[in-house]
Every structure is written in structure tokens, then in C-alpha cells.
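The structure under discussion is supplied below as C-alpha cells; questions concerning it will follow.
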Amino acid sequence: MDKPILKDSMRLFEQLGRIKSRSMFGGFGIFADETMFALVVHDKLHIRADEETAQDFKLQGLEPYVYKKRGFPVVTKYFALSDNWAETQNHTLAMAKRALEVAKQEKTKQAKAKPNRLKDLPNLRLATERMLKKAGIAV
């Protein structure tokens with residue numbers, strides 16, 4: 001069960017802001033002030049990466065979390081940390097701070113970007129967009 005790792009990681013990340021978790025990707029997303037930056041799934045802590053940190057993580061032999069959606073693999077931006085992450089709390093916290101900064105920047109950038117397709121709007125999927133287009137509704 002993911003709960004002990006979830007509780008330990010949330011306790012560690014308390015200094016990053018108001019920490020909450022909710023069910024995500026078959027595990028639990030960890031949020032600081034409404035921004036998701038970590039994931040606990042399959043008894044592993046995963047940290048969000050940008051292009052630069054993803055390369056560093058890959059060089060360290062860390063793998064991104066992959067889940068299946070409608071039978072197809074989806075590679076996430078979250079990399080599984082080694083099992084000794086709790087023993088190197090300062091390093092883990094530094095990685096989490098970086099992940100949170102990146103997540104906040106991406107969130108701000110997405111909020112400013114104007115959607116050019118219906119599926120890009122909140123809570124709409126491609127299937128919804130197709131149904132709306134058939135009904136004569138388009139952007």
C-alpha cells in the first residue's frame with residue numbers, strides 16, 4: 001500500500017506550502033498550494049521533471065512513470081526516485097523544490113495560453129470536441 005510513503009513524503013514536503021494529496025494516475029498526486037509536483041504510486045515516490053531534470057534523472061538510471069490509458073502507454077513527467085529517498089531528505093527536498101518551481105511555471109504558462117481547440121479547454125476531451133463539432137459548435 002502507498003500510504004506510508006505518501007505520509008512520509010507529505011511530512012517532508014510540508015515546508016513547501018500547504019500540502020495535500022488526491023488520487024491520480026493509479027496512485028496519489030502530491031500538491032503544494034494547488035500545484036502538483038510529486039506522485040506516489042506502486043510504493044515509490046515520483047518527482048516531476050522538466051527537460052533538464054529529466055535528462056539528469058535518466059543519467060542516474062531513474063525511469064518515468066508509465067500508465068495505460070485505453071490500452072496505450074502514457075509516459076508521464078514523473079520520475080521514480082530510488083528507494084533510499086527518505087535517507088537523503090535534504091537532496092529529496094531540493095529536488096521537490098525544483099519540481100514545484102517548474103510545475104508552477106508550466107501552470108502559469110498554460111493559464112496564459114489561449115486554447116485554440118475545444119479539447120484544450122478544462123474538462124473537455126477529444127471525444128467531446130468531436131460531438132460538439134457534429135452539433136455545429138466549434139471554436
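Values quoted throughout were computed directly from the atomic coordinates according to the rules given, and no laboratory measurement underlies them. Note that the structure is a prediction, hence the values are computed from the model and not measured. When we count neighbours, we look across all protein chains shown, and the Cβ atoms used for this are built from the backbone with ideal geometry, even at glycine.
Taking a 18 Å limit on the Cα-Cα distance, which of the listed pairs Lys107/Lys133; Lys3/Lys97; Lys20/Lys97; Lys7/Lys68; Lys44/Lys104; Lys68/Lys114 fall beyond it?
Violating the 18 Å limit, Cα to Cα: Lys107/Lys133; Lys3/Lys97; Lys7/Lys68; Lys44/Lys104; Lys68/Lys114.
Given 10 Å bins starting at zero, what is the percent of C-alpha pairs of region 88-139 in each, up to the one with the largest pair distance?
Percent of Cα pairs in each bin: 22, 29, 21, 17, 9, 2.
Further question: In nm, to one decimal, how far is the modelled label at Thr128 from the one at Asn116, with both set 7 Å along Cα→Cβ?
Taking the simple label geometry, Thr128 and Asn116 are separated by 2.1 nm.
Quote the Stokes-Einstein diffusion coefficient, in whole µm² s⁻¹, for the chain, based on the Kirkwood radius over alpha carbon pairs, a temperature of 37 °C and a viscosity of 0.692 mPa s.
Numbers: Rh = 16.5 Å.
Approximately 199 µm²/s, per Stokes-Einstein.
Also, I was wondering about something else. When the helix-only estimate is applied to the chain (DSSP H runs of n ≥ 4, each -39,500 (n - 2.57), divided by the residue count), what is the mean residue ellipticity at 222 nm, nearest 500 deg cm²/dmol?
-12000 deg cm²/dmol
³J(HN,Hα) across region 77-85 via Karplus (A = 6.51, B = -1.76, C = 1.60, θ = phi - 60°), whole Hz, x for Gly/Pro?
8, 9, 9, 6, 7, 5, 5, 9, 4
Any idea what the alpha-carbon Rg over 2.2 N^0.38 Å comes to for region 10-91?
Relative to the rule-of-thumb radius for its length, region 10-91 sits at 1.09.
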